[in-house]
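Worksheet for the structure shown next.
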Amino acid sequence: MLPSLTRLQRYYLLYTGGFLAFVGALAVLERHGMPPRWIGYSFLVFTILMYAAIGIMSRTSDVTEFYVAGRRVPAFFNGMATGADWMSAASFIGLAGTLYLSGYQGLAFVLGWTGGFVLVALLLAPYLRRFGEYTIPDFLSARYGGNLIRLVAVAATILASFVYVVAQIYGVGVITSRFVSLQFEIGVFVGLAGILVCSFLGGMRAVTWTQVAQYVILIFAYVTPVAILSWSVTGNPVPQLVYGQVLQEVRQREEQLFASPAEASARHLYRERADDYRRRINELPDSLHKERENLTAKINELKAGDAPMREIVGLERQRHDLPPDPQQARQRWETAMLAAAERAAPPVHHADAFPGDDAESRWKLRINFLALVFCLTVGTAALPHLLMRFYTTPTVRAARESVFWSLVFILLLYITAPAYAVFAKYEVFTHLVDIPIAKLPGWVAAWSKVGMIGIEDINRDGILQLAELTLNPDVIVLATPEIAGMPYVVSGLVAAGALAAALSTADGLLLTITSALSHDVYYRIMRPQSSTQLRLVISKSLLLVVAVLAATVAAQKPGTILAMVAWAFSIAGSAFFPALVLGIFWRRATRAGALAGMLVGVSLTLYYIFRVEFGSIPWLGLDGLHMAPWFGVQSIAAGVFGIAAGFVAIVTVSLLTRAPPQESERFVADLRHTPRREEP
Amino acid sequence: MPAGAYWRKTRRLTFGLLAVWVLVTFVLSGFAAELNSVDFLGFPLGFYMAAQGSLFIYLALIWYYNRRMRKVEEECGIDDE
């Protein structure tokens, strides 16, 4: 074991050195005039070739290798691979921006996505490894018996994983189109190729070793820009240590800004705009007619008088762009009203927890924060693509240790993200806000053009107020190198890191979906007698089909897909967590109980999300089902109800049904190393 | 070692650490606004706990669990694979 371990570590050290040398070489080439576009291409080609090389080297035709990497992955490397598997495009690109925009409230993601690993370590990983099969449905079916629960588990796995994988491929499209100016759809299929080179030939084995390689790139890419920023602002290159001071400076600046009359006037104007939209919505459909008539009257007046053509065309376009019917007008104006109201809202200090004018609004924020943390932690401990990774270690002890290493590697990113947000805020407050709009730095215009930054001088004073600036959360990570005036090679590095984050997560998810279909559905349910060779052929073909399907969906740019990822945690949590945990810790849990718990949990979560978020399914003719959230809990934390209902359902139904059969008793006894209680 | 000792010890350890976890994750975060009035290393304490402190406690919990479990398994003569 030991010699191979050091050999592995030597390989990866060599690889890291090679990557750093590559980045250094590009930095030198950039000094000598290499155009940014070529730097982007170099990163894309170099990293994908690396992953492909690892994928080809780890090709396999062995089932255990394909599904669980031969159970030979040392704890340290499994931790790294889990880190890459876990940290998705959303963590890499979106998290720092979310923290920028929502301050303390955003830390629910940091807490939830790390705290979940304690649950994994204490409640699940060792037992899954001791069981030692291939998938999560395997475990549930072995514990509770029967194929029905396996099918329910497969359905829940696909429900939670498919949107997630689509979002990763979508992320790849965004990154490649932005940094190497490929067309979005082509970028998506480049991503598809990047995913398939890792997973197709070598399954879990290849995915594991590329994930380790991807982790190295992603963490390096994430920390570098903020370390440089920290160095230039505070003189200390360890941002996590020093951003407390910067946070204090941000707070002082906030005090000034929040009190400034210019800010107040901008907010007041947005408030008026929001009120105006509300009035118009209330007066629908008359308000729409009136607006059209007003515009027509104005156009005619201008035409009669000798007004310049440009003005008339402008008004005609305005009339043309009016919503065609009251329903669309309502939708569009509601969006506009919410956007204006958001800008009009009194600003909040970055570090303030649960701010609000009255006890009720503070309480609501607190409840939502805790509910979200709960869903994310439990969801973390229930997402099949993460739990699968703990089948790949050689021993139970290594499984436990690999959870520790996973958290170490994940922590590196999650303690950097809040620092990232604070440094970005500092930069925005010092170099953007209160600056004449004509003198804003060049990158602002570049990112406004692609819709990531919005600037509107609503009070027409020619100066940018905080309320007049809107930022897409993704822009924080993507544009920080430019914001801080770093060379383009850093931007290329960030792109390579984001790509690694998206690809590694997509690999893991894809493999999870594939094994649910090929191992659980095909082999366990349909053809238990099929040869291992056939099983592998089926797996690989399914992998291809699912990957192409996911890429096709991603290429449609589905708008809601990104929001749906956040719900995956609630869905996975309510489907799996109660059944898995009670399956291990409560002998009395029965098959009927587990089935009831899974179905009730997922149904309640989906029901809640649907009624709070949508309220209508046009193609089913359902409408008007919108409901007020329970206790003010947002749909992203729908799992609070689903998970609780899942536990309650399992306990109640289990107690109402006959105690589980002897095989289940024996299964639990083996998991716990307690003596089997044989019936006489 | 009496039969079942391994599981009893494991269970006690698991639930003990879980209680700490609940305390840190939900009780402490629930009072973040109050904690924020305390200064810690230049950070408001509530913010610091959610951004770094709790994360280190999580890591310590897992580390401690692994260490104890190694001991328990040694004592009970359990060796998986």
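A few comments on the model shown:
- Selection count, the stretch A:44-98, where residues are in a loop (DSSP other than H, G, I, E, B) and crowded, with 24+ Cβ neighbours inside 10 Å: 3
- The requirement of being at pLDDT 85 or above, closer than 30 Å to A:VAL110 by Cβ and surrounded by fewer than 19 Cβ atoms within 10 Å (Cβ to Cβ) is not satisfied by A:PHE576.
- Among the residues listed as A:ALA108, A:ALA153, A:ALA142, the single one being part of a helix (DSSP H, G or I), crowded, with 21+ Cβ neighbours inside 10 Å and more than 10 Å from chain B (Cβ to nearest Cβ): A:ALA153
- Hey, A:LEU218 within 27 Å of the chain's Cα centre (by Cα), under 25 Å from A:ALA345 (Cβ atoms) and at pLDDT 90 or above or not: no
- Residue check for B:TRP7: within 27 Å of A:PRO394 (Cβ to Cβ), in contact with a Phe, Trp or Tyr (Cβ under 7 Å, 6 or more places away or on another chain) and at the interface with another protein chain (Cβ under 7 Å from one of its Cβ atoms): no
- The stretch A:399-433, subset surrounded by fewer than 23 Cβ atoms within 10 Å (Cβ to Cβ), among the hydrophobic types (A, V, I, L, M, F, W, C) and farther than 18 Å from A:VAL216 by Cα, residue nearest to the chain's Cα centre (by Cα): A:VAL428
- Which listed residue is part of a helix (DSSP H, G or I) and at pLDDT below 85, from A:VAL553, A:VAL565: A:VAL565
- Annotation: A:SER448 fulfils all but one of (1) touching a Ser or Thr at 6+ places or on another chain (Cβ under 8 Å); (2) more than 10 Å from chain B (Cβ to nearest Cβ); the unmet one is (1).
- Here the stretch B:58-81 is the region considered, the condition is being within 16 Å of the chain's Cα centre (by Cα), more than 9 Å from every other protein chain (Cβ to nearest Cβ) and not hydroxyl-bearing (Ser, Thr, Tyr), and the residue that is nearest to A:LEU241 (Cα to Cα) is B:ALA60.
- Total residues in the stretch A:637-647, condition touching a residue at least 24 places away in the same chain (Cβ under 8 Å) and either small (Gly, Ala, Ser) or surrounded by fewer than 21 Cβ atoms within 10 Å (Cβ to Cβ) (or both): 7
- Selection from the stretch A:351-398 of residues that are small (Gly, Ala, Ser), at pLDDT 90 or above and over 21 Å from the mean Cα position of the chain (by Cα): A:ALA398
- Taking the criterion of being assigned to a helix (DSSP H, G or I) and more than 10 Å from chain B (Cβ to nearest Cβ), the residues of the stretch A:347-370 that qualify are A:ALA359, A:GLU360, A:SER361, A:TRP363, A:LYS364, A:ASN368.
The values are calculated or read from the model by the stated rules, or taken from the named source; none is laboratory data. The model shown is predicted, which means the values in this text are computed figures rather than measured ones. FYI the Cβ positions are ideal-geometry reconstructions off the backbone, even for glycines, and counts take in every protein chain you see.
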